[in-house]
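The values are calculated or read from the model by the stated rules, or taken from the named source; none is laboratory data. None of these values were measured; they are calculated from a predicted model. When we count neighbours, we look across all protein chains shown, and the Cβ atoms used for this are built from the backbone with ideal geometry, even at glycine.
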Amino acid sequence: MVEISSNLLYIAFVLYLIATFFFAGSIKISKDKEEKKTSRWSLIGIVITLIGFASQIGYFITRWIAGGHAPVSNLFEFTTFFGMMLVAAFIIIYFIYKTSILGVFTLPVALLVIAYASMFPREITPLIPALQSDWLHIHVTTAAAGEAILALSFAAGLIYLIKFVDQTKSSKRTFWLETTLFGLIATLGFIIVATSFSLADYESKFNWVDKRGQEAEAAYHMPALIGPHKYESVTDGSFQPLAEVPALINAMKLNTFIWSLLAGTILYLLIRLIFRKRVAAILQPLVRKIDLNLVDEIGYRSVLIGFPIFTLGALIFAMIWAQMAWTRFWGWDPKEVWALVTFLFYAAFLHLRLSKGWHGEKSAWLAVIGFVIIMFNLIAVNLIIAGLHSYA
Amino acid sequence: MKEVKCECGHINPVGTALCEACGRVVGEEAESSKLLDMRYEASPRRSQNYNRTSVDKIWSFFSSVKVGIWLIVLTLIASALGTIFPQEMYIPPNMPAVDYYEDEYGTLGKLYYQLGFHNLYSSWWYLLLIASIGISLVICSLDRVIPLYKALKNQRTAPREGFLKRQRLFGITETSGQIDLESIKKNLKNKRYSIKEENGSILAEKNRFSRWGPYVNHIGLIIFLFGGLLRFVPGMYVDEVVWVREEETIEVPGTSGQFYVKNEKFIRQLYDQEKDDQVYNEALKKNPAVIKNFQTDAVLYEKKGNTLPGEQPELKQVESHSIQVNKPMKYKDFAFYQTDYKLDEMHKMKFKLIDKKTEESFGKLTVDLYDPKKKYELGSGYSVELLNYFPDFEFGENSEPITKSRIPNNPAFVFNMKTPDKPKGETSFVAIQQTIEPQENNKYKLAFDGIETQNVSGLTIRKDMTLWYLAIGGTIFMIGVIQGAYWNHRRIWVQKKNGQVWIAAHTNKNWFGIKREISSILSGTTLNEPADQLDDKS
Ligand code: HEM
């Protein structure tokens, strides 16, 4: 069962990848004004997406049966589910607005998310007492669905900016747009590096001294550019760190982060070298025909649809569950606080839009920031902040 | 600022863009602009009207959306700051916070502590921010909802030309001869528009209720925040912890002696690689100690009648429940949660009285560490007196024995052993692993003879009468957001004017949707679709 489940996920992944190319293809052709062919290409694209989605649902159900609980209980499962919801949100919006271009941007983001998810341990984990509740499923699924729909506004915002930002001269706008795209590329960089070293079974161990002055052991799965505090290599002939950090800093995470940036930078520079253009400028022809008002509205609607779902899942259901599991509905735990931050951010977004007339470009930038906040809460809070917690 | 006078002679309050009497577009700003600002139906608000007294100034401050957004953004940033390092409530309790932040997080940690960010969410300025949002919500809603209500209620079925022309969606169709609006009306009705007519002018409108969405959700938020305030009202909120040993019945704190709880058994289970589902094996191999269950089999008693202090209360069983995480025991307004435990806590200590040389035993005694007796009779003239007891023993500053707490973590005793040959008795100081004899040359000794342990369960007792307000507030909030987000208020005006048909339309959001709807309403007629006047700007 577990095997079937992971195969289904794999199939879904490949199908999304193929669908992306069909959506992209439909746009290429539409430049030549062959309306019929356009619709055929995007029709194939959406059909493949739907099959991929069905396959991912299959993954979800089989894993649920195998594990005895909904697969949303660890970082791998949750992040994968978020990717699935992203595709679901795209499918819904596709049927409302019939825009293939949205697929060209959303599906790759979903692909990145799913690939990123699979970098975490993938075993089925038993549930600790606090997680043994139906509210686990209810809360996590609605929260993820809400976040995914909100994230769709990021895809729309990106499309808007790629078309809108003038690429003929460099400006603050081109800089930040490139930074955003670089973030996506660096994620890809991380996935490539992590996969390569894990295929190569890389491991090198160090003894080091933690902040309480105690001896500890660290096992790196990527060559250590950054060594832990007062490290001593245990594995013979392994790559020796270039630098050492104080005990306060988690050297292993920093090392992974630097590798990702490095890989991202190399990828990015390669792309720039080959095309001799900014990445956004390379993408610009794809969006040439798109109606800015329409993408703007898609972005806004995603926020309008996603905001209530997010509030329900990430705040209200979360509070109900917290009241049962932890005796209090709210405890200022970092994950809770970041859900509140996300909520406040999109509340500000809506007010700025409705009352201050922040449409179009401003709204698109906000959507980008919103996505950063969501991803931060989804992943970084667990890895960085909760990491501090578990350290203490 | 001054009043706005209309051609028709009516004098309108400041901020008016449509004359209250005749509906003409008035005011320099509105007249010169291409599109009408329809946000509040172009009607004036209190915050624009007056600006004299300090009340008015505060009013217009808090009713400003700009201020509201600033408050939201500041709260957002402050909240995020509080997650950089753990809040004080999450740090280990055995160390002063001052040292903890510096030790763990270095200079930044120290700064964090000095700025008071370790208790950020209960700091006065954070609470002030939240309170300001609350005030702002009340004022901004009052400021807008009444004018909006009036404007929507009194809106004209046949607005003037200036109004129509300044709508974002607007178009004119030249017609030769008669044009029949019946089919359009039918199409509008099919799309569930309600229609008003006046001299051949049509106003079709739907989903006006969605305009109240923001106000409904703001009311929900206000109730929610109010519920949060109520926590500070005495009697609304109880948060206590009680430690109950197995077999023990104990008064429940926070209930003024009304309830007693008994711990029949405490269970802690781990996942088992053999017995539990095989799919977990891989995960359990990496991390073998995963908790499966914490459980207290508890019985709740209620006291009957009044008792004098010291009198044994008469108890009646009212509830029994296996309390697990996520499955609290509930009775009346109280809930009992499984939140903590201690396994194998020392509970009874056993000794035997022996002759140091011959090791002959003269009897045994068991000391209940929570309820030690003064004297233990061993028979045949042997007895042991307990002169002093230190449940959590350590040496004090002047190396005298003291106790750190009342929990028997490290019990120590001063015994007096009375025997037929030493009728005055010999004293002995007995602690774990050590015996100190003041006289140095005792004949008898209390030898350690075993220990009985017990599990202790930590239960949290909670009463929270504010939950109702929060639930109601939350529900109203959700209704409001959904109302405002999933429906849009749409209006379409159709007017016949000397051989022309004018069509204008307005929606509060989702223009793409209304354009598609209009196009389907007008299909099959000869009328042109109104153009988006925002489009030809760009
Ligand atoms: C955390 C606090 C708040 C939340 C969650 C919230 C939520 C909302 C939502 C969801 C909307 C509807 C937006 C839309 O449909 O696009 C809205 C509208 C609005 N809010 Fe808030 N709000 C908050 C605080 C405030 C504050 C402090 C003010 C005061 C200045 C305010 C003033 C308004 C106004 C004026 C509208 C527009 C009403 C209209 O034009 O129909 N809000 N709010």
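What the table shows:
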item	result
Matching residues, the range B:88-102, being farther than 18 Å from B:Ser122 by Cα, surrounded by 13 or more Cβ atoms within 10 Å (Cβ to Cβ) and either over 28 Å from the mean Cα position of the chain (by Cα) or more than 11 Å from chain A (Cβ to nearest Cβ) (or both)	B:Glu102
Residue in the range B:491-507 that is surrounded by 18 or more Cβ atoms within 10 Å (Cβ to Cβ), of a type outside the set (Gly, Ala, Ser), part of a helix (DSSP H, G or I) and on the phi < 0 side of the Ramachandran plot present	no
Per-region count, the range A:209-266, residues touching a Leu at 6+ places or on another chain (Cβ under 6 Å) and among the aromatic types (Phe, Trp, Tyr)	0
Members of the range B:312-355 that are without any contact (Cβ under 8 Å) to a residue 24 or more places away in the chain and closer than 20 Å to B:Tyr370 by Cα	B:Gln312
Cβ pairs under 7 Å, 6+ apart, first in the range B:467-494 and within 12 Å of chain A (Cβ to nearest Cβ) and without any contact (Cβ under 8 Å) to a residue 40 or more places away in the chain, second more than 10 Å from the ligand (Cβ to nearest atom) and in a strand (DSSP E or B)	none
Given (1) farther than 16 Å from A:Leu136 by Cα; (2) buried (at least 21 other Cβ atoms within 10 Å of the Cβ); (3) more than 23 Å from the chain's Cα centre (by Cα), number of the condition A:Gly331 does not satisfy	(2)
Any helices (runs of 4 or more DSSP H) falling wholly within the range B:105-207 and containing at least 3 residues that are within 16 Å of the ligand (Cβ to nearest atom) and without any contact (Cβ under 8 Å) to a residue 24 or more places away in the chain	B:124-153
Any hit, the range B:284-296, residues being in contact with a His (Cβ under 8 Å, 6 or more places away or on another chain), outside any helix (DSSP H, G or I), under 24 Å from A:Arg328 (Cα atoms) and not acidic (Asp, Glu)	no
Output for the range A:15-49, where each listed residue is exposed (fewer than 14 other Cβ atoms within 10 Å of the Cβ) and either at pLDDT 90 or above or within 14 Å of another protein chain (Cβ to nearest Cβ) (or both)	A:Val47
Odd one out for B:Lys509 among (1) of a type outside the set (Phe, Trp, Tyr); (2) more than 25 Å from B:Ser33 (Cα to Cα); (3) within 16 Å of the ligand (Cβ to nearest atom); (4) within 11 Å of chain A (Cβ to nearest Cβ)	(2)
Residue count, the range A:224-249 (criterion: crowded, with 16+ Cβ neighbours inside 10 Å and either at pLDDT below 75 or within 20 Å of A:Val193 (Cα to Cα) (or both))	8
Among the residues listed as B:Gly499, B:Gly480, the single one being outside the structural domain of B:Thr249 (by TED's automatic domain parsing), under 46 Å from the mean Cα position of the chain (by Cα) and small (Gly, Ala, Ser)	B:Gly480
Conditions (1) within 12 Å of chain A (Cβ to nearest Cβ); (2) surrounded by 15 or more Cβ atoms within 10 Å (Cβ to Cβ): number failed by B:Thr525	(1)
When residues of the range B:103-139 are limited to those that are in contact with a Phe, Trp or Tyr (Cβ under 7 Å, 6 or more places away or on another chain) and over 19 Å from A:Asp333 (Cα atoms), the one farthest from the other protein chains (Cβ to nearest Cβ)	B:Ile135
Residue match in the range A:195-217 (condition: at pLDDT 85 or above and either among the small types (Gly, Ala, Ser) or crowded, with 18+ Cβ neighbours inside 10 Å (or both))	yes
Any hit, the range A:317-328, residues being within 18 Å of B:Leu81 (Cα to Cα), modelled with pLDDT of 85 or more and either at the interface with chain B (Cβ under 9 Å from one of its Cβ atoms) or surrounded by 19 or more Cβ atoms within 10 Å (Cβ to Cβ) (or both)	no
The one condition in (1) in the same structural domain as B:Trp511 (by TED's automatic domain parsing); (2) in contact with a Ser or Thr (Cβ under 9 Å, 6 or more places away or on another chain) that B:Arg192 fails to fulfil	(2)
Selection count, the range B:198-245, where residues are at pLDDT 90 or above and of a type in the set (Lys, Arg)	3
The range B:482-506, subset in contact with a strand residue (DSSP E or B) (Cβ under 8 Å, 6 or more places away or on another chain) and basic (Lys, Arg), residue farthest from the ligand (Cβ to nearest atom)	B:Lys496
Checking A:Asn293 against (1) buried (at least 22 other Cβ atoms within 10 Å of the Cβ); (2) more than 27 Å from B:Leu129 (Cα to Cα); (3) away from the ligand (no atom under 11 Å from the Cβ), the condition it does not meet	(1)
Sole residue being surrounded by fewer than 18 Cβ atoms within 10 Å (Cβ to Cβ) and assigned to a helix (DSSP H, G or I), chosen from A:Ile65, A:Ile149	A:Ile65
Condition met for B:Val244 (in a strand (DSSP E or B), more than 12 Å from the ligand (Cβ to nearest atom) and crowded, with 19+ Cβ neighbours inside 10 Å)	yes
The lone exception for B:Ser60 - which of (1) away from every other protein chain (no Cβ under 13 Å); (2) at pLDDT 85 or above; (3) in contact with a helix residue (DSSP H, G or I) (Cβ under 6 Å, 6 or more places away or on another chain) it fails	(2)
Enumeration of residues in the range B:317-350 that are basic (Lys, Arg) and closer than 22 Å to B:Arg245 by Cβ	B:Lys327, B:Lys342, B:Lys348, B:Lys350
Complete set of residues in the range B:360-372 that are modelled with pLDDT of 85 or more and among the charged types (D, E, K, R)	B:Glu360, B:Lys364, B:Asp368
Residue match in the range A:258-268 (condition: within 14 Å of chain B (Cβ to nearest Cβ) and of a type outside the set (Ser, Thr, Tyr))	no
Residues within the range A:319-347 that are of a type in the set (A, V, I, L, M) and more than 16 Å from the ligand (Cβ to nearest atom), tallied	4
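To keep it simple, each residue is scored yes or no on (1) in a helix (DSSP H, G or I); (2) under 21 Å from A:Leu292 (Cβ atoms); (3) within 14 Å of chain B (Cβ to nearest Cβ).
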residue: A:Arg122; (1), (2), (3): no, no, yes
residue: A:Pro126; (1), (2), (3): no, no, yes
residue: A:Thr168; (1), (2), (3): no, yes, no
residue: A:Arg173; (1), (2), (3): yes, yes, no
